[in-house]
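Just so you know, all these numbers are worked out from the coordinates, no wet-lab data involved. From a predicted model like this one, the values you see are computed outputs, not experimental measurements. No Cβ is skipped: glycine too gets one built from the backbone with ideal geometry, and neighbour counts run over all protein chains shown.
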Amino acid sequence: MDIADRPVQPFPRRLIAGFAACFLALYVAAAGIAEVAVARKGEDTAFQKLLALKGQQVDWVVLGASHALPLAFGDVPGRLQAESDQSMVILAEVGAGPLYNRFVFQQALHDIAPRRLLYVVDTFAFTSPNWNEARISDRKLLRKTPLRLSTARNMAKISARYGTDPAGLADYLTGFSKLNPPDRFPQAGWGGAADFDRKVRLSRHAVQGRIDYLYPEPPQVNAISRYLDVLTTLFEVAKARGMEVIVVKLPLPDAFRAALPDEAGFDRLLRDSLEPRGIPYHNLSETLTDPGYFFDTDHLNRPGVAALYDGYLREILAPETPS
């Protein structure tokens, strides 16, 4: 029989539809399990902490990048609560620039109605999209960001206004990174809390390596101005809500601070942004310079956080509390 005379088999639409429906049901079930087991378990990220605190009032919200995280490791919130009856939550993230902090802050306004804002400035975070737009769609952060309508709405607004990668929103809505961990084979890196009780032995090689990582390209005034605008917009929203806003820069070892590119220029731009808005700025970068106060090239260890709180932060956060 000629091939042209053979009967045409009907396209198996029902079979394909059944397969697609089965796949979709399995995916939804797996995504639901991952949402509970990964995104909503623990309080590692800012968004997990906010979900756990939803409906509570918090006196101080702390935003920033990794330099703010040792405040949590050293239990500054606990000391502040015990000494002044003020609550504090630290919503900083590793490598988080002003744009990511704005994302977190919008969620905080939705969840906890904070009364005061402490922003910990890291200069590097104002120099590159790597620490801003790219962090919004970072799979490691998306993996531990609980799926919520309010978060999705804020992410969509940021994508539309600042041109962040829409793939990040798609990933968030589908739970892709929760099902497919981006750090399946993690590499050694910043130890964070695990290294908090160490004391660093600084070397020129370590300092330069850290600077090269934080500043892969020379800082550009246009980029810094862009992210300063993002930050001041965040502050204006906070002040419009009646919040007190304070900005600090935390201590750094002399060798690390000296290696920072044009730190004085950044400080001038920052002060020019803050002074017209009446926002206090406490530059503490030269206050505790002994390497014994740090667990790596630039992060405070336990003695460093204790010295920072006793010598400076207590007065900034709770000036009426007796020493």
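How big is the Kirkwood radius of region 204-265, worked out from every pair of different alpha carbons and given in Å to one decimal?
14.1 Å
Nearest 500 deg cm²/dmol is fine: what mean residue ellipticity at 222 nm does the chain get from its DSSP H runs of n ≥ 4 alone, each adding -39,500 (n - 2.57), divided by its residue count?
The helix contribution divided over the chain gives -14000 deg cm²/dmol.
Just SER203, SER225, SER273 to compare: in a GNM of the chain, with alpha carbon springs under 10 Å, which one fluctuates most?
SER203
Using just the alpha carbons, could you tell me how many Å³ per residue the convex hull of region 45-137 encloses?
84 Å³
Can you sort ARG268, ARG139 so the residue with the fewest Cβ neighbours within 10 Å comes first?
In order of increasing Cβ crowding within 10 Å: ARG268, ARG139.
Over 20 Å between Cα atoms: which of LYS157/LYS249; LYS49/LYS249; LYS41/LYS157; LYS49/LYS140 fall into that group?
Violating the 20 Å Cα-Cα cut-off are LYS157/LYS249; LYS49/LYS249; LYS41/LYS157.
Tally Lys and Arg at +1 and Asp and Glu at -1 over the other residues with C-beta under 14 Å from the C-beta of ALA238: what net charge comes out?
Result for the local shell: +3.
Send over the Kirkwood Rh of the chain, from the inverse of the averaged 1/r over different Cα pairs, rounded to one decimal Å.
Computed over Cα pairs of the chain, the Kirkwood hydrodynamic radius comes out at 21.5 Å.
Going through the DSSP H helices of the chain, which span 30 Å or more along their own axis at the Cα atoms while scoring at least 1.0 as a mean Kyte-Doolittle hydropathy?
13-34
List the residues whose amide H sits under 5 Å from the amide H of VAL245, counting only those 5 or more places along or on another chain, with H placed 1.01 Å from N in the peptide plane.
Under 5 Å from the amide H of VAL245: LEU117.
Taking only Cα atoms and a 10 Å spring cutoff, compute GNM fluctuations for the chain and point out the largest among ARG302, ARG271, ARG257.
Maximum fluctuation in the GNM of the chain, among the listed residues, is at ARG271.
By count of other Cβ within 10 Å, fewest leading, how are HIS205, HIS299, HIS110 ordered?
So the ranking, lowest neighbour count to highest, is HIS205, HIS110, HIS299.
In the neighborhood of GLN48, defined by Cβ-to-Cβ distances under 10 Å, what is the net charge if each Lys or Arg adds +1 and each Asp or Glu adds -1?
+2
Quick one: net charge around VAL200, please, counting Lys, Arg +1 and Asp, Glu -1 for every other residue with C-beta under 12 Å from its C-beta.
Spelling it out: positives minus negatives among the neighbours equals -1.
In Å and whole numbers, how far do the C-alpha atoms of region 188-292 stretch along each principal axis, longest first?
Extents along the principal axes: 44, 30, 27 Å.
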